[in-house]
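The values are calculated or read from the model by the stated rules, or taken from the named source; none is laboratory data. It should be emphasised that the depicted structure is a prediction, and the values quoted were computed from it without experimental measurement. Every residue, glycine among them, receives a Cβ derived from its backbone with ideal geometry; neighbour counts consider all protein chains shown. Remember, those area values only see protein heavy atoms, side chains included, never the ligands or the DNA or RNA. Shrake-Rupley method; radii C 1.70, N 1.55, O 1.52, S 1.80 Å.
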Amino acid sequence: MTKEKIQAAVYTRRYIYNFHYHLIWVTKYRNQTFATKELADEMKSILQKVADDNEIVIEKMAVMPDYVHVLISFPPSKAPTSAIKALKGRSAFFFLK
């Protein structure tokens, strides 16, 4: 029996996984928080920094004036709730600082 590799799967020492989570969150009261390009770019860089710190891979990202879309992937050792909490919580902390 031959072992064929699964395309688009991530192979690590412990896991073979292909998780993708599509997250959408809106700003409070749908305020136009990211109205300018500078603010949207700042949020993108903050999200990328938080993702890098937490072993999360951002595959696609879009920051609109009143909401954020991200498509993420992370190892199965991390719970989805902790990944979402890290992205939303830390990014809000840095952005509002």
Protein accessible area in the chain, 1.4 Å probe - carbon and sulfur %: 56 percent
Net charge of Cβ neighbours under 15 Å - reference THR33; Lys, Arg +1; Asp, Glu -1: +2
If you line up the long axis of helix 37-53 against the longest principal axis of the chain, both from Cα atoms, how many degrees apart are they, to the nearest 10? 40 degrees
Those trypsin sites (Lys or Arg not before Pro) from the range 1-48 that are DSSP loop and have at most 15 other Cβ neighbours within 10 Å turn out to be LYS3, LYS5, ARG13, ARG14
Can you give the charge dipole size of the chain about its Cα centre, rounded to the nearest 20 debye, using +1 on the beta carbon of Lys and Arg and -1 on the beta carbon of Asp and Glu? 280 debye
For the range 1-95, which GluC sites (Glu not before Pro) are in a loop by DSSP, counting at most 13 other Cβ atoms within 10 Å? GLU4, GLU55
For the chain, what does the accessible surface come to per residue with a 1.4 Å probe? Please give it in Å². 73 Å²
Would you look at the GNM of the chain, springs on alpha carbons closer than 10 Å, and say which of ILE72, ILE58, ILE24 moves the most? ILE24
